[in-house]
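Visitor: A single structure is presented below for examination.
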Amino acid sequence: MLAIDTSNMDFLELGKRLRETEEDTVLRGCLGQRFIAAGMKRRKLEIHGIPGNALGAYLDGADIEVFGNAQDAVGDTMNAGSIVIHGSIGDTAGYAMRGGEIYVEGDAGYRAGIHMKEYHEHLPVLVIGGKAGSFLGEYQAGGMIIVLGLHTDGPIVSNYPCTGMHGGKLFLRSDCKDILFPDQVTARPASAEDLKEIEPYLRQYCVHFGGDYASLIGSPFTVVTPDSRNPYRQMYVAN
Amino acid sequence: MPGINYFYPEFEVVRNDARCIRCQVCARQCANEVHSYDPERDLMLSDESKCVNCQRCVSLCPTRALKIVKSDCRLRENANWEGDTIREVYKQALSGGVLLSSMGNPKNYPVYWDKILINASQVTNPSIDPLREPMETRVFLGKKPEKLERDENGNLKCELTPQLELSMPVMFSAMSYGSISYNAHESLARASKELGIYYNTGEGGLHEDFYVYGPNTIVQVASGRFGVHRDYMEAGAAVEIKMGQGAKPGIGGHLPGTKVGPDVSRTRMIPEGSDAISPAPHHDIYSIEDLRQLVYSIKEATGHKKPVIVKVAAVHNIAAIASGIARSGADIIAIDGFRGGTGAAPTRIRDSVGIPIELALAAVDQRLRDEGIRGNVSLVVGGSIRSSADVVKAIALGADACYIATAALLALGCHLCRTCQTGNCNWGIATQKPELVKRLNPDLGYKRLVNLMTAWNHEIKELMGGMGINSIEALRGNRLMLRGVGLTDAELRILGISHAGE
């Protein structure tokens, strides 16, 4: 594995170094460099330290593992591959992602999973181990968001989840009694059938971060789905 | 709904029965089902209430038996409450819906292009005949270096940041696959390749068949990120970030699920039948610094090989906005005026939000010059450029190039009936219905676009020659070549031009 010491290296230099090779790479001493692995195709990338904003933007098949926290816009418009964060992440994680998987051990900031979408066989998955901030899954058009609420006492998600949701599914490991959902979605207790869908991703979470799969899948989940794929249809009159 | 909801049709079908041969072409051609044939009475019938005045039947009637006229059944005349204004109230009282319209702002706002006149040489500084003399209309879009630099051996450093090379200062503006048809896109792509210019995918992704036209394609990234992935950005010659659109500044877009068939679904990378919703803002952009982040994430993903364009709508503080964008790392700013077209926009927004492109362009060019950052970016303007004269005036006001879309659609057969939102375009342009799409033959469509641009390019050369200018670069920002007629002091000051006679 190629090793790059990224301390004292700016993002332009780091980006250039990463584009020069297709080898699996480990970055040490990462200190907030932005755009790491933008558009990166199939290879492994291990990051020690804290990558800056837009880690794995347009990711196209690479597998990234971060030993530390990550900042905003992780996996923005991601197409394929995986991002595993041994820590928490900032805002807009997985913005408009349409493929691949993101696993976060800890918490996510605002607007996680905004405008996630799916098509044909492409199904993006975002798993948040801790709690999610406000505006989770806004405009969600497809894919799956799973929030586990581990390591936290407070509500599993902050205000206004699912606004504008018109596709995909949101799973919250909670009875969601205190959570206010908008009118255009339905929140109900997850059935055994529903839980089958998330089983492989929960197992994968435990592989990445440890944890007891049986107790995870054994707890009550709420599943949220949109009522319509065409939320704006009734809003207009031809002029 | 309670109440009387009848509107007398806006148009009337006038059929000359002596000429009509009952061939029923009109009935077959009208997707709105205005015409029908009654075999018992051997009569062609019309249901005018469905007519949008797209002129398809008129154009194809073999005996010229048809015409469509504006109905003279009017509401009582009132200069304040015009017929359309009253009808819009009725429609909303009936439906409770937001009014939705298509194409550009039709209201009677000033068109400044028509109040600006171009200079010509007489006696001194002789004019140039483009048929005899070489004339340069080629332009390069992108960041320009501030000064010449030499290396340690005294040789010029020639490395430029990525540039777009255009054979003439006009490109086809963003129109998505979804809002317009496959055949319309093919026509635009092939014409761009033959002309040495660029067309723009809009925010609907790039169909796999059109990757071959990549070197003449600008790919767009909008808030919905439809069809945006690495190969898509790699395929394009430049990447355009859509922040706004002239026809609907401040709001996003919704392609209705009915237009998202298998092909559009694959290209946009969204589920079939699902509304394609572009949120109004990019939810990760709240500042110029955030915009800079998106610009650089695209540059990093494409290896800094492609210019990045930021497109914004012309709004009140456009000069300050452009100044910010010019510092964001973007290579090109595209500004879209409030008369720009659209496949669908809320009527109130289309007709009441934004400012004319002429004023926006002049203000932006001046501001960037005043701040010494004009060379940081190229300026492309659209919304709406209708002719080569508009192009020449735009260049002289400070643009590097123009975007056209409505004019390109007209070349493809659009008759500006302004009902794109129905998806029933009889000319095969703003529709996804296979039986309508096939009416637009891309072999002919692309040639008509090439014809239009070739004619404009010659006219641009004629106008330049008249001014004694043989290179479009020497025209850019050359406002001494312009004079206003019938404009106020404030308008002249903003445009930076003198009144005719001065």
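Visitor: So, B:G468, is that one over 30 Å from B:V264 (Cα atoms) and assigned to a loop (DSSP other than H, G, I, E, B) or not?
Guide: yes
Visitor: Could you list, in sequence order, all residues of the stretch A:133-149 that are more than 21 Å from A:Q71 (Cβ to Cβ) and of a type outside the set (F, W, Y)?
Guide: The answer is A:Q140, A:A141, A:G142, A:G143, A:M144, A:I146, A:L148, A:G149.
Visitor: Further question: Taking the stated definitions as given, is B:D209 outside any helix (DSSP H, G or I), out of contact with any Leu (no Cβ under 6 Å at 6 or more places or on another chain), without any contact (Cβ under 8 Å) to a residue 40 or more places away in the chain and charged (D, E, K, R)?
Guide: For B:D209, the condition - outside any helix (DSSP H, G or I), out of contact with any Leu (no Cβ under 6 Å at 6 or more places or on another chain), without any contact (Cβ under 8 Å) to a residue 40 or more places away in the chain and charged (D, E, K, R) - is not met.
Visitor: When the residues of the stretch B:252-264 are filtered to those that are over 17 Å from the mean Cα position of the chain (by Cα) and more than 9 Å from chain A (Cβ to nearest Cβ), which remaining residue is most open to solvent (accessible area, probe 1.4 Å)?
Guide: Taking the candidates together, the pick is B:P262.
Visitor: Determine, yes or no, whether B:I251 is touching a helix residue (DSSP H, G or I) at 6+ places or on another chain (Cβ under 7 Å) and among the aliphatic types (A, V, I, L, M).
Guide: Yes.
Visitor: Something else: Does A:R19 fit the bill of being within 8 Å of another protein chain (Cβ to nearest Cβ) and surrounded by fewer than 23 Cβ atoms within 10 Å (Cβ to Cβ)?
Guide: Yes; evaluated as a whole, the condition is true for this residue.
Visitor: Quick test of your reading of the structure: B:H229 fulfils all but one of (1) touching a Pro at 6+ places or on another chain (Cβ under 8 Å); (2) closer than 20 Å to B:V295 by Cβ. Name the failing condition by number.
Guide: (1)
Visitor: Hey, another quick one. Could you list, in sequence order, the residues of the stretch A:183-219 that are closer than 30 Å to B:P346 by Cβ, away from chain B (no Cβ under 14 Å) and assigned to a loop (DSSP other than H, G, I, E, B)?
Guide: Once the filter is applied, which keeps residues that are closer than 30 Å to B:P346 by Cβ, away from chain B (no Cβ under 14 Å) and assigned to a loop (DSSP other than H, G, I, E, B), the stretch A:183-219 yields only A:D183.
Visitor: Residues that are touching a Ser or Thr at 6+ places or on another chain (Cβ under 6 Å): list the strands (runs of 3 or more DSSP E) wholly contained in the stretch B:215-331 that include at least 3 such residues.
Guide: Ranges flagged: none.
Visitor: Any idea which of B:K157, B:K248 is among the charged types (D, E, K, R) and either over 17 Å from B:A276 (Cα atoms) or more than 17 Å from the chain's Cα centre (by Cα) (or both)?
Guide: B:K157
Visitor: Test B:D209 against the stated conditions and say whether it is open to solvent by less than 80 Å² (accessible area, probe 1.4 Å), over 28 Å from B:V392 (Cβ atoms) and not assigned by TED's automatic domain parsing to the domain that holds B:P442.
Guide: no
Visitor: Kindly provide the set of residues from the stretch B:386-399 that are open to solvent by 10 Å² or more (accessible area, probe 1.4 Å) and assigned to a loop (DSSP other than H, G, I, E, B), ordered by number.
Guide: Once the filter is applied, which keeps residues that are open to solvent by 10 Å² or more (accessible area, probe 1.4 Å) and assigned to a loop (DSSP other than H, G, I, E, B), the stretch B:386-399 yields B:R386, B:S387.
Visitor: Which one is nearest to the other protein chains (Cβ to nearest Cβ), of the residues in the stretch A:220-239 that are within 28 Å of A:S82 (Cα to Cα) and surrounded by 14 or more Cβ atoms within 10 Å (Cβ to Cβ)?
Guide: Among those residues, the one meeting the criterion is A:R229.
The values are calculated or read from the model by the stated rules, or taken from the named source; none is laboratory data. Values in this document were obtained by computation on a predicted structure and should not be read as measured data. Cβ sites come from the backbone with ideal geometry, for glycine too, and all protein chains shown count toward neighbours. Accessible surface areas use protein heavy atoms only, side chains included; no ligands, DNA or RNA. Shrake-Rupley method; radii C 1.70, N 1.55, O 1.52, S 1.80 Å.
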